[in-house]
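I have placed the structure first, in the form of structure tokens, so that the comments after it can refer back to it.
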Amino acid sequence: MHDLHRAPADAAAETTDFDEILDRSQLSSVKWEMEIDRTGNKSLLGFGTADMDFRSPKPIAEALERTARLGHFGYPYKPNSYYEALIGFYKRHFGWEIKREWIAHNVGIYPSMRPLIDRLSVEGDEIIYQPPVHFQFRNIVAAAGRVPVANPLILRNGRYEFDFDQLARCVSSRTKLLLLCNPHNPVGRVWSRDELAQLAEFCQQNNIVVVSDEVYCGLLHDGFHFTPFGSVSSDALMNSVSLLSASKMFNLTGLKHSQVIAANPRLMNEYLEGLKRDTSGYGGSLFGHVATEVAYRDCDGWLADLMKYVAGNYAFAEAFFKERLPRIRIRPTESTYFMWLDLSDYGMSHQEMLDLFETRHGLVLNYGEDYGPGGEGHIRLNIGTPKSILAQGIERMAKALSSHEG
Ligand SMILES: Cc1ncc(COP(=O)(O)O)c(C=O)c1O
């Protein structure tokens, strides 16, 4: 055991006060401070960028303080205890036994996609993504000179599903990869084992490697179970690379550390070769791996408390929308700290919504158009925030929409 990373026994018991309003005068985040600078509106409310307005678990902050006090910040080396914590988390929560030799690293999920794309396809090849999904899925493919091919999710009885018929039509001799988002941002689906098994079989038969972004895996609403793509079958495991991080679950996105899991030595080798192109595999974040170890080992209780709080926020906002804004259609969410709301009944364009909510009412939201086909008319509301801030935000939304309705 590496004592530096070990939290004192009682620290894990203390949880975060999720109602606490942080003193932002000392903080500097994209979600709030950058948006205030961008818009010049000091009273805006931020419900956009995908992180939370909560302190991370105390054991993590304490491990970082211990590291800072040592005052040595050279190239970091990950101890055994780091790997034990990581492997333990995925086994304990999802029954997935990751082996140490399957693990590589990066500074984030998206920086891991590019080397895989570079090495597993050539310019002009096609890569499938399933919108509405985070805009980087499409952008990374296009920036690499590959062709992004959209296979939009379909809504069946109010629930998003993979469109397997359309998927079959998307495939050509140039299709090399499929970028999976599991759980899926922004729609919040946790793909079931059956859905993933069908996807795995399809991709195997068509020689398509799956890159599975599983960054939201631990942010589950009650009754929903996450299935790692690599745990579905041995074929799925050998035909995929999974991208993991403690970043979204424990609010560590500023610490820049993630994992790349490839059981297939060929895929692992391609990933490592891909890193050489821009030497991005050189070095790493000491604070990132220290925090990650503690997060994966000592913070299960915090994660459960967090999701209880988020579920409370969800129920609160849902009741508000049903009573006050019944024209908003709420798409049920199984995971993440987002609500995915269909405002198409108001008939506003993306620009009209932006003018109404952001320019006139100081609300930063994410708009469905940015997530690709199927996102039109929707907004993503980040509810990873104290309830009192959420209450102000949805009250402002109601005010904005009533002014729009005249
Ligand atoms: C689906 C998805 N994957 C990956 C990321 C990036 O995560 P990180 O910056 O922790 O690597 C995001 C950020 O919003 C995301 O929504």
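The values are calculated or read from the model by the stated rules, or taken from the named source; none is laboratory data. All figures in this text were calculated on a predicted structure; none of them were measured in a lab. Cβ placement follows ideal geometry from the backbone for every residue including glycine, while neighbour counts extend to all protein chains displayed. For the accessible areas, the whole protein counts, side chains as well, though only heavy atoms, and no ligand, DNA or RNA atoms are used. Shrake-Rupley method; radii C 1.70, N 1.55, O 1.52, S 1.80 Å.
Applying the criterion of at least 1 residues that are touching a Ser or Thr at 6+ places or on another chain (Cβ under 8 Å) and touching a residue at least 24 places away in the same chain (Cβ under 8 Å) to the helices (runs of 4 or more DSSP H) found wholly in the stretch 272-365 leaves 286-298, 300-324.
Here's the yes/no breakdown for (1) touching a His at 6+ places or on another chain (Cβ under 6 Å); (2) crowded, with 21+ Cβ neighbours inside 10 Å:
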{"site": "Ala236", "(1), (2)": "no, yes"}
{"site": "Ala246", "(1), (2)": "no, yes"}
{"site": "Ala263", "(1), (2)": "no, no"}
{"site": "Ala291", "(1), (2)": "no, yes"}
{"site": "Phe321", "(1), (2)": "no, no"}
{"site": "Met339", "(1), (2)": "no, yes"}
{"site": "Asp342", "(1), (2)": "yes, no"}
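Glu84 - would you say it is open to solvent by 60 Å² or more (accessible area, probe 1.4 Å), part of a helix (DSSP H, G or I), without any contact (Cβ under 8 Å) to a residue 24 or more places away in the chain and more than 28 Å from Ile383 (Cβ to Cβ)? In short, no. Do we have Asp19 as open to solvent by 60 Å² or more (accessible area, probe 1.4 Å), farther than 24 Å from Glu358 by Cα and not polar (S, T, N, Q) here? Yes, satisfied. In this entry, Phe250 passes the filter for residues that are in contact (Cβ under 8 Å) with a residue 60 or more places away in the chain and either within 14 Å of the chain's Cα centre (by Cα) or open to solvent by 10 Å² or more (accessible area, probe 1.4 Å) (or both). Can you tell me which residues in the stretch 230-247 are under 17 Å from Arg92 (Cα atoms) and either more than 16 Å from the chain's Cα centre (by Cα) or away from the ligand (no atom under 14 Å from the Cβ) (or both)? Those that are under 17 Å from Arg92 (Cα atoms) and either more than 16 Å from the chain's Cα centre (by Cα) or away from the ligand (no atom under 14 Å from the Cβ) (or both): Gly230, Ser231, Val232. Selection of the stretch 36-77 for residues being open to solvent by 20 Å² or more (accessible area, probe 1.4 Å) and within 16 Å of the ligand (Cβ to nearest atom) yields Thr49, Asp51, Ser56. Candidates are the residues of the stretch 128-143 that are buried (at least 19 other Cβ atoms within 10 Å of the Cβ) and outside any helix (DSSP H, G or I); the one that is nearest to the ligand (Cβ to nearest atom) is His134. For the structure I just gave you, tell me whether Thr67 is of a type in the set (Val, Ile, Thr) and either in a helix (DSSP H, G or I) or touching a Leu at 6+ places or on another chain (Cβ under 6 Å) (or both). In short, yes. Screening Leu120 against (1) within 21 Å of the chain's Cα centre (by Cα); (2) under 26 Å from Arg277 (Cβ atoms) leaves a single unmet condition, (1). A count restricted to the stretch 194-214 and to residues that are within 16 Å of the ligand (Cβ to nearest atom) and open to solvent by 10 Å² or more (accessible area, probe 1.4 Å) stands at 0. Entry remark, the stretch 181-192: residues being free of Cβ contacts under 8 Å to residues at least 60 places away in the same chain and in contact with a helix residue (DSSP H, G or I) (Cβ under 8 Å, 6 or more places away or on another chain) number 3 in total.
Take the conditions charged (D, E, K, R), at pLDDT 95 or above and surrounded by fewer than 19 Cβ atoms within 10 Å (Cβ to Cβ) and apply them to Arg24. Does it pass? Answer is no for this residue. Of all residues in the stretch 369-392, those being surrounded by 23 or more Cβ atoms within 10 Å (Cβ to Cβ), over 16 Å from the mean Cα position of the chain (by Cα) and part of a helix (DSSP H, G or I) number 1. Looking at the stretch 151-163 only, could you name the residues that are in a strand (DSSP E or B) and touching a Leu at 6+ places or on another chain (Cβ under 6 Å)? The one that is in a strand (DSSP E or B) and touching a Leu at 6+ places or on another chain (Cβ under 6 Å): Tyr160. Condition check for Gly218 on (1) surrounded by 22 or more Cβ atoms within 10 Å (Cβ to Cβ); (2) closer than 23 Å to Glu195 by Cβ; (3) touching a strand residue (DSSP E or B) at 6+ places or on another chain (Cβ under 8 Å): one failure, at (3). Tell me whether the stretch 161-177 contains one or more residues that are closer than 20 Å to Pro115 by Cβ, open to solvent by less than 30 Å² (accessible area, probe 1.4 Å) and touching a helix residue (DSSP H, G or I) at 6+ places or on another chain (Cβ under 9 Å). For the stretch 161-177, residues closer than 20 Å to Pro115 by Cβ, open to solvent by less than 30 Å² (accessible area, probe 1.4 Å) and touching a helix residue (DSSP H, G or I) at 6+ places or on another chain (Cβ under 9 Å): present. Answer yes or no: is there a residue in the stretch 78-100 that is at pLDDT 95 or above, assigned by TED's automatic domain parsing to the domain that holds Lys308 and within 16 Å of the ligand (Cβ to nearest atom). Within the stretch 78-100 (the criterion being at pLDDT 95 or above, assigned by TED's automatic domain parsing to the domain that holds Lys308 and within 16 Å of the ligand (Cβ to nearest atom)), the answer is no, since none of the residues qualifies.
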